[in-house]
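Below is one structure, written out as structure tokens; comments come after it.
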Amino acid sequence: MRTLPLSALAALLATPALAHPVTVQTCDREVTFDAPPARAASNDVNLTEMMLVLGLHDRMVGYTGISGWNKLDEEIRADIGELPELSERYPSREVLIGADLDFWFAGWNYGMRVGGEVTPDTLEPFGIAVYELTESCIHIMDRDGVAIDDMYNDIRNLGAIFGVDARAEELISGWQAELEEIAATIPEGEPLRVFVYDSGEETPFTAGRFAMPTAMIEAAGGRNIMDDVESSWTRVAWEPVVERNPEVVIIVNYGEVTAEQKIDFITSNPAFAGMDAVLNDRFVVLEYVEATPGPRNIRAVRALADAFHGQ
């Protein structure tokens, strides 16, 4: 009887086929995968980039929900290759079933709506397993807050689901080291008051306590002035924004209204003329893919830290 060398046996045991079944926590559910998905799709540009950075292009049959709001930049366009967009905005259940998916990476308000026709429960009977973006879980369950670790959690769980754990841990270790470097550059003192402006003129759409920019701002040495709003991405009134007097305004750049137009709206409105951010012309532009959970969060934290502290 021929015996395998220990090194060969270890390599065999590490293969994805023998790593399964795996069970991961997704929001308030546990989902078990008997084998790595073979016909996957993702919703939105940031979730799609998570899949691509893990090298999962060959496991994907397409993506959803990007061109209806965003344009693919050169970086992600090169990675996404010829993968088709199955739906420009939120997909219908029929679209996902018709693509013969066995896995969809989406989230609440990232492709799914509470009570909508496309949910983990409505897709399960058709053999489509859903993994939910951690940041989005606040829409269906209580959470303590948001953290950069939420993005790591998604990368780690995707790594387990697809049998690319080593790649996931390599990415996470690199990002953690980079965050430590950034933290070492942040001066002591009171954090800067920061407001996130996504869109809207009558009422601004912004990041509350449970949205990723809150964690990113904290990592960069600031404080989201709306971190007491018990929501993720949400609408608030302009009055508390003015009262809390942000020193910096982060502009989220996407959609038909450009970042320059958003800045012009704020700087030309007499109601905002006394805000420190306007008086000192302190605006920072983040692309949508940087402000939502994904691989670009860490470089965005570095950009925020540079902008906050003049480095």
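Brief remarks on what is shown
- When restricted to residues that are of a type in the set (Asp, Glu), under 17 Å from the mean Cα position of the chain (by Cα) and part of a helix (DSSP H, G or I), the stretch 57-82 contains 1.
- Test for THR203: is it of a type in the set (Ser, Thr, Tyr), closer than 27 Å to VAL278 by Cβ, in contact (Cβ under 8 Å) with a residue 24 or more places away in the chain and in a loop (DSSP other than H, G, I, E, B): yes
- Among residues of the stretch 14-73, those that are surrounded by 15 or more Cβ atoms within 10 Å (Cβ to Cβ), of a type outside the set (D, E, K, R) and at positive phi, counted: 3
- Hey, ASP228 within 22 Å of the chain's Cα centre (by Cα) and modelled with pLDDT of 95 or more or not: yes
- Options THR64, THR48; residue that is farther than 21 Å from ASP121 by Cα and assigned by TED's automatic domain parsing to the domain that holds SER136: THR48
Residue-by-condition table, conditions (1) outside the structural domain of MET50 (by TED's automatic domain parsing); (2) of a type in the set (Lys, Arg):
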site	(1), (2)
GLY163	no, no
ALA166	no, no
GLU178	yes, no
ARG193	yes, yes
ASP198	yes, no
MET216	yes, no
ALA219	yes, no
ASP227	yes, no
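- Set ILE140, ILE148, ILE155: member being surrounded by 14 or more Cβ atoms within 10 Å (Cβ to Cβ), more than 17 Å from LEU47 (Cα to Cα), modelled with pLDDT of 95 or more and among the hydrophobic types (A, V, I, L, M, F, W, C): ILE140
- Residue match in the stretch 166-189 (condition: of a type in the set (Asp, Glu), at pLDDT below 95, surrounded by fewer than 19 Cβ atoms within 10 Å (Cβ to Cβ) and closer than 30 Å to ASP281 by Cβ): yes
- Scope the stretch 21-56; condition assigned to a loop (DSSP other than H, G, I, E, B), under 16 Å from ALA129 (Cβ atoms) and touching a residue at least 60 places away in the same chain (Cβ under 8 Å); matching residues: CYS27, ASP28, PRO36, PRO37, ALA38, ARG39, LEU56
The values are calculated or read from the model by the stated rules, or taken from the named source; none is laboratory data. Bear in mind that the values here come from a model prediction, so they are computed numbers and not experimental data. In this analysis, Cβ positions are derived from the backbone assuming ideal geometry, glycine residues included, and neighbour counts consider all displayed protein chains.
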